[in-house]
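Heads up, the thing below is written out as structure tokens.
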Amino acid sequence: MKKIILAAAVISVFLWGAQASAREITVLLKQGVSQGTIGGSGVVLTDAGGMYTKPFNGTFKISYANGAMKAGKVTYKLPVTMKSSSGVVVDGVKYKGSLVIERNSNKLNIVNKVDIEEYLKGVLKSEMHPTWPKEALKAQAVLARTYTLASKKHGGYDICNTTHCQVYGGVADESSNIVQAVNETKGQILTYGGAPAQIFFFSDSGGMTTGSETVWGSAIPYLTPKADPVSNDSPNKTWQTTLTMAQIGQKLNAAGTGVGTLKSLRPHKRDKSGRIEQIELKGSAGTKIISGNKFRTAVGATVVKSTLFEFNRRSGYSVKSSPASKPAVNLVQIPKQNASSAQAAQIAGMPECDADKLYWMAQNGVFTMRELLAMIGDDSKYPQYVAEGLARMAKMKNPPVKAEKPKPAQPAPSQAAAEVSASPLSMEGTSSGTVVMYGRGYGHGVGFPQWTAKALAEAGWDYRRMLEYYFQGTKLETR
């Protein structure tokens, strides 16, 4: 019997890709607790010794007692499974699926076993507002699903229920928009080289994302700097933080920098997006250089909202294209010199929508990314911009040959230069007793900027196009 069970388990591991709709995951809801409250309707408890209850309704307290779980006057051998006809309740929060209560040293772990699609319906609200455009929600659903399946095990479980993994609000966090977004992307994930991609998302890029190597020190080919094609209305588009040098020094020393009494701060190195990659600290114990990400984490990620900041306000920050590395696009035929504008449009096979035409032209070198950023948002002038683009195309002598996108199974090497770069922010430091930081955006800056996703959806982009733009080189698959 054990061999049969083991064989079934092995088979299920290999067949999960073909049965995504029935894929059950384990979510660690409570870790190392002495007690809790669980319940539901039509509840049945089954313990490790085979004892089970008749169905009953209501909630009840459980606690750890001498290697077992105690509920009222009854003691159950661990692990204990709880099933309910209408969802399970843990400390007042209702979840779909079932529960498993397990021993964790001399305490309890409470685990939710749930289908991944039902799980996602309770996750999205914590990542994106449910009233945002559906295409943005669909993109977030794909990313949350990908993250869940690519996530390293949290102990013996697939994922946890904290900000360390993904916050999971259960049934109460579902809404019609969220349910629709999950259902319409059922089973879809981003893959790279045949496996779930490592994906990241965050609130606001400040105009441009950064590469994974800036934040975590390891370059991932599809996580490279990308300029936002549109502006957004994020409340953290720009921000300002004021702290004393002493406050910053205290936090840095608590994080183990060993700088002593902090005397000055200065950006040491910025990446292609303008973010501080390394920062110089001068103190009574000498000079230290740490990563911008470590500085942000030490001082507080809600205080220093991003590493895209400077100590002296400077106007003119902008995102510009880098001719050394344009985005890879599919092969297209661009008309030769002296072709008419109408012929240019016909030969090129451009999309019908003017906004899409402008984006297509930027992809194919007719406009620079900087020009595109200046155009987007003024709908009334789109026909004028399109006409200008067609005129340029008609005059092109030697159209550049575009490289095809690399196949996920054969990853292309990381580009030496990003698709775009930012004009430099100030490298000036400060030794003032009061430190003012002027910044843009919110979050680590790698991957998918959620406020921009909202703006892109409002501009007519669908979720597939968003994901293709920010995760170039990955593949959208149904597993």
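No lab work stands behind these numbers, since they all come straight from the coordinates. Because the structure is predicted, anything quoted here is derived from the model rather than measured. As a convention, Cβ positions derive from the backbone with ideal geometry for all residues, glycine included, and neighbour counts pool all protein chains shown.
Quick look at the numbers
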{"read-out": "Cβ crowding within 10 Å averaged over residues, with 265-277, 456-468 ranked highest first", "value": "265-277, 456-468"}
{"read-out": "Virtual spin-label span in nm between SER231 and ILE289, 7 Å along Cα→Cβ", "value": "3.6 nm"}
{"read-out": "Normalised contact order of the stretch 200-265, rounded percent, pairs of Cα under 8 Å and 6 or more residues apart", "value": "24 percent"}
{"read-out": "Restraint check, LYS30/LYS94; LYS251/LYS294; LYS30/LYS61, Cα-Cα greater than 20 Å", "value": "none"}
{"read-out": "Ordering of 427-435, 99-107 by burial proxy (mean other Cβ atoms within 10 Å per residue, highest first)", "value": "99-107, 427-435"}
{"read-out": "Residues of the stretch 190-205 with amide N under 14 Å of a point placed 7 Å along Cα→Cβ from SER175", "value": "none"}
